[in-house]
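Computed from the coordinates by the stated procedures, all read-outs in this text should not be read as laboratory data. Just so it is clear, the structure is predicted and the values come from calculations on it, not from any experiment. Ideal geometry is used to build each Cβ from the backbone, glycine not excepted, and the neighbour counts take in all protein chains shown.
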Amino acid sequence: MAPAGVAGGGSAASVSRDSGTTAWWIFDSWKDILLFIATPLLIVPVVWVAKSRFSVEDIGLFVAAFGAGGHHLPGMMRAYGDKALFQRFKIRFIVAPLFLIPLCFFFTIRDLDALQVIVLVWAVWHGCMQVFGFLRIYDAKVKSFSKLTSRIDLWMCFAWFGIAVLYSPGKMGVILEKFYASGGPLLPTGAVVAIQSVWTGLTASITVAFLANSIYQWKLGTPPSPIKYLAMASSFGFWWFAMVGVHNIILGVAIWEIFHDVQYLGIVWMFNRKRAETDPNVGSFTRFLFRRNAWMVGLYVGLVFAYGYLMFLPELITTETVRNGLIALLVTSTLLHFYFDGFIWKVREKSTRSGLGISGGAGVPMTSWGLPMWMSHGLRWSLFVIPVAFLGASQYRGAGGDTYEMYANLVEIAPGYDAAQNNLGVALNQKGNREKAIERFETALRINPEYKEAHYNLGNTLKATGQLAEAAQHYRKALEIDPEDSSTYYNLGVSLHQSGDLDGAAEAYRRALQLRRDWFSPLNGLAWIYATHTDPAKRNALAAIELAEEANRLTQSQNPQILHTLAAAYAAGGRFQDATAVAGQALALASSSKNEALVRDISKRLEVYREYGSIPG
């Protein structure tokens with residue numbers, strides 16, 4: 001979070017209000033516009049170009065790692081590298097990680113979702129307060145110190161960020177989905193609608209109060225910063241666009257996160273460079289990294305990216321305990337980032353004002369609600385501890401609720417949440433209601449035509465109902481979105497195989513095996529085609545035997561369908577005695593599993609194998 005301020009917490013630039021517009025800016029006009037205000041105009045086209053080459057999931061993963069994860073580093077550098085700051089908040093900097101690391105590890109190994117709920121909600125607050133911090137800095141630049149203005153600015157941030165969440169199908173859906181999975185009670189749809197209505201009214205009222213106060217301050221001769229209005233319009237507008245205007249919540253979060261990260265890295269660079277030049281107590285590393293040198297900017301960004309790369313490491317680790325430990329550390333990093341940024345960048349603090357190169361304006365003591373700092377701080381921590389404890393205990397006791405009821409509720413509350421529609425379709429499939437499941441998958445695709453998972457699930461359901469051509473169409477669409485999915489290639493192969501397109505099926509099976517060679521299902525499908533192809537010229541007994549034997553090794557001779565294929569492959573190669581023996585094993589396994597259709601098929605072929613095997617020569 002960028003420097004945040006409170007009532008009276010800003011300070012003015014060293015130049016007077018009537019000395020020109022130079023004093024209005026944090027860097028200067030073009031840098032502020034590029035990094036803090038008009039940034040969305042650059043982000044959107046860049047991301048849309050990237051979307052034409054990469055999947056939305058890949059873009060989201062990249063931004064989450066190198067942006068959301070990487071930008072934790074500058075805050076950590078200040079928290080543990082600023083001697084004066086560390087001495088002032090030593091207890092917080094030591095106790096917080098000692099508390100959070102074991103907590104995150106426990107929730108990770110138990111696969112509990114409560115921390116994810118908190119992270120999702122806290123992230124919204126974190127972004128909201130970063131915007132508020134910029135508003136206070138710009139007001140401080142023009143000596144706007146009104147406590148009323150500061151308070152209304154805070155309300156404006158809270159209201160506009162909140163209303164976008166409430167009307168965002170994706171954001172609301174994700175938060176409630178994790179909340180329900182953690183054991184939280186299902187919310188009545190009427191209650192959510194009522195909250196939306198009340199919040200809309202409050203937002204309108206606060207906005208009117210904001211405009212009225214602006215006029216009042218102008219009449220007093222102490223108007224707020226004109227740049228603040230630009231920053232507010234840019235931030236609120238882009239937040240609404242990312243949360244409500246973009247249907248894919250992964251993409252929406254990604255574009256907002258880029259904006260947030262660019263703002264954060266820019267303001268932290270400026271802050272630390274000022275400190276490196278003026279503060280004799282700054283550490284040697286800070287003085288080295290943040291000196292006036294273009295190469296240092298590259299090093300700074302490189303360190304951020306290096307820290308962000310840690311987010312990929314869990315995928316590379318096979319030892320479960322080590323992987324869980326690393327995941328816990330990464331979640332801890334996120335929580336510490338949110339927590340530390342809540343107090344280390346306050347504009348009301350003298351050291352922060354100095355680092356930003358602004359002077360004047362009285363700082364406000366770090367107390368709240370008229371209580372001592374330790375008490376108000378404890379109350380803030382209770383907002384974290386109580387929900388985590390309640391939800392964690394609920395999920396630990398198995399209070400997650402019925403999947404169908406959960407997604408039916410989500411679809412009512414957030415009908416535009418594509419994942420809820422898709423997951424409700426999955427739940428309906430599990431109940432055997434394929435017709436209703438198809439409707440939900442189709443609804444998800446109307447919301448988000450590029451939703452690969454919905455195409456895949458719809459393909460599976462259509463295949464199960466015998467609509468093979470339609471199923472193949474959706475599998476192919478899913479592969480256009482993600483051409484590296486072996487499961488989709490395999491199921492496309494099955495659909496084509498069942499519809500009689502053996503050549504198309506064989507190609508799909510081969511593509512699946514190129515991506516995942518140790519998967520017995522496409523091995524079996526391709527082996528069956530090579531062994532039984534209706535065109536004798538396209539049969540390949542040797543390839544069929546090789547593939548079927550490999551599949552049989554993977555299943556340790558315990559899969560009757562694969563033994564059935566192996567028998568057919570042996571028969572295609574003229575090895576009828578081997579075919580008879582293997583078919584007998586397949587028949588025994590199929591009979592014990594009560595697969596009547598497979599028993600009938602094996603029995604017919606077994607008679608043929610025995611007949612040909614009894615012919616001399």
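Annotations for the structure displayed:
- Rounded to the nearest whole angstrom, the semi-axes of the ellipsoid equivalent to region 314-353, taken from the Cα gyration tensor as √(5λ), stand at 35, 7, 5, largest first.
- Members of LYS31/LYS51; LYS171/LYS436; LYS178/LYS436; LYS90/LYS171; LYS463/LYS538; LYS171/LYS346 lying beyond 30 Å, as alpha-carbon distances in this model show: LYS90/LYS171
- Residues SER52, SER284, ranked from the fewest to the most other C-beta atoms within 10 Å, line up as SER52, SER284.
- Cα pair distances in region 492-599, grouped into 10 Å bins until the bin that holds the longest one, percent each: 17, 47, 33, 3
- Reach of LYS83 by Cα under 14 Å, taken over aspartates and glutamates that are not fewer than 8 positions away in the same chain: ASP279
- Of every Cα-Cα pair in the chain, the percent that sits beyond 36 Å: 50
- Cα gyration tensor of region 74-174 - equivalent ellipsoid semi-axes, whole Å, descending: 29, 25, 9
- If R0 equals 60 Å, the separation of the Cβ atoms of ARG600 and ALA393 corresponds to a calculated FRET efficiency of about 0.70.
- Residues PHE338, PHE132, sorted so that the one with the fewest Cβ neighbours within 10 Å comes first: PHE338, PHE132
- Estimated inter-spin distance, ASP402 and PHE288, nm [label 7 Å along Cα→Cβ]: 6.3
- With the simple spin-label model, which puts each label point 7 Å out from Cα in the Cβ direction, the ALA306 to TYR80 separation comes to 1.4 nm.
- Using the Cβ-Cβ distance between ALA50 and LEU515 with R0 set to 22 Å, the FRET efficiency works out to roughly 0.40.
- Normalising the average separation of contacting C-alpha pairs (under 8 angstrom, six or more residues apart) by the number of residues puts the relative contact order of the chain at 18 percent.
- Relative to the longest principal axis of the Cα atoms of the chain, helix 486-498 runs at roughly 40 degrees.
- Net dipole in debye of region 506-617 [+1 Lys, Arg Cβ; -1 Asp, Glu Cβ; about Cα centre; nearest 20]: 160
- Relative to its Kirkwood radius, the Cα radius of gyration of region 412-516 gives an Rg/Rh of 1.00.
- Against the main long axis of the alpha-carbon atoms of the chain, helix 452-464 sits at an angle near 30°.
- Computed extension length for THR321-PHE106: 76.3 nm, one decimal, from 0.36 nm per residue of separation with the Cα-Cα distance subtracted.
- For region 373-472, applying the loop criterion from DSSP together with a ceiling of 13 other beta carbons within 10 Å to the GluC sites (Glu not before Pro) yields no site.
- TYR612-LEU202 pseudo-label distance in nm [points 7 Å out on the Cα-to-Cβ vector]: 7.7
- Low-density loop cleavage sites - trypsin sites (Lys or Arg not before Pro) in region 263-323, where at most 13 other Cβ are within 10 Å (DSSP): ARG291, ARG292
- When PHE36, PHE390 are arranged by Cβ crowding within 10 Å, least crowded first, meaning fewest neighbours, the order is PHE390, PHE36.
- Sequence-separation-based contact order of region 518-617, relative, with Cα cut under 8 Å and 6+ spacing, percent: 23
- Virtual paramagnetic centre 7 Å along Cα→Cβ of THR534, amide N under 14 Å, in region 470-498: 496-498
- Cβ-placed point charges (K, R +1; D, E -1), dipole of the chain about Cα centre in debye, nearest 20: 2480
- Principal-axis tilt of helix 72-81 within the chain, Cα atoms, nearest 10 degrees: 50
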